[in-house]
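Have a look at the structure below before the remarks.
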Amino acid sequence: MRLFKPVILALLICSFVLSPAAAVSGSGVTATSDQLRALFVQRLPKYISWPEGVAPKPGKPFIVAATDAKSLKPYFEAAGVSSNFKLVQWPAEEFHILVLTGAPERDVAAILKRTAGRPVLTIGQNPVNLRLGVVVNFHMVRGKLRLQVSPQAADRAGLTISSRLLNIAQVYAGERE
């Protein structure tokens, strides 16, 4: 079982990085942090279940609202991506995924309060965001993008996180006292 988790993590990371949208140069794969974030955002819905009637209908895109949509836009306009995802700038009325990057902590707290109880996959990139209530948080560890997930935040949003994602991510269980 100890070997299983690293193998699954390696396979998931390979599926993110070696996708057609990844930038390949020479013999190595390179990507910017914005590109990696966009790739993760585009892959995460496969590992999240929304309540019945909330997820997009077949053939319809996931609507992704972002506090910094400009930085993600080039990676959502790539061939094949635009039909599965529609990127919009926050604030937005209708969306399935909310990416909170580049916003101050106070703004993130206000946005999360505004979306509380809605079936929205919230994604941040700051360790404080987990305490504030995001479902998924990206963080860098030794130059590698890692995932942290909060099952409690997902539960409050009415979302279910796949056990496959829980097995490879760092699970946030709240602040320790």
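What to note about this one:
- Count - residues of region 103-118 that are more than 23 Å from Asp155 (Cβ to Cβ) and among the aliphatic types (A, V, I, L, M): 1
- When residues in region 154-177 are screened for being farther than 15 Å from Leu44 by Cβ, assigned to a helix (DSSP H, G or I) and in contact (Cβ under 8 Å) with a residue 40 or more places away in the chain, 1 of them pass.
- Among the residues making up region 106-124, those that are surrounded by fewer than 20 Cβ atoms within 10 Å (Cβ to Cβ) and not in a helix (DSSP H, G or I) are Ala116, Gly117, Arg118, Pro119.
- Scanning region 76-101 for residues that are closer than 15 Å to Gln35 by Cα, touching a Ser or Thr at 6+ places or on another chain (Cβ under 9 Å) and in a loop (DSSP other than H, G, I, E, B) yields a single hit, Thr101.
- Within region 136-153, not a single residue is under 18 Å from Glu94 (Cα atoms) and in a loop (DSSP other than H, G, I, E, B).
- Look at region 84-110: where a residue is at pLDDT below 95 and a partner is assigned to a loop (DSSP other than H, G, I, E, B) and of a type in the set (Val, Ile, Thr), sitting 6+ places away or on another chain with Cβ atoms under 7 Å, you get Thr101/Thr67; Gly102/Thr67; Ala103/Thr67.
- Complete set of residues in region 142-153 that are without any contact (Cβ under 8 Å) to a residue 40 or more places away in the chain, surrounded by fewer than 20 Cβ atoms within 10 Å (Cβ to Cβ) and either in contact with a Phe, Trp or Tyr (Cβ under 9 Å, 6 or more places away or on another chain) or among the small types (Gly, Ala, Ser) (or both): Gly143, Arg146, Gln148, Pro151, Gln152
- Checking each residue in region 34-75 for being of a type in the set (D, E, K, R) and surrounded by fewer than 18 Cβ atoms within 10 Å (Cβ to Cβ) picks out Asp34, Arg43, Lys46, Glu52, Lys57, Lys60, Asp68, Lys70, Lys73.
- Residue list for region 31-65, restricted to those being assigned to a strand (DSSP E or B) and hydroxyl-bearing (Ser, Thr, Tyr): Ser49
- Residues that are of a type outside the set (S, T, N, Q) and within 20 Å of Ile63 (Cβ to Cβ) within region 122-132 comprise Ile123, Gly124, listed in sequence order.
The values are calculated or read from the model by the stated rules, or taken from the named source; none is laboratory data. Not measured: the values here are computed from a predicted model. Reconstructed Cβ throughout: ideal geometry from the backbone, glycine too, with neighbour counts over all protein chains shown.
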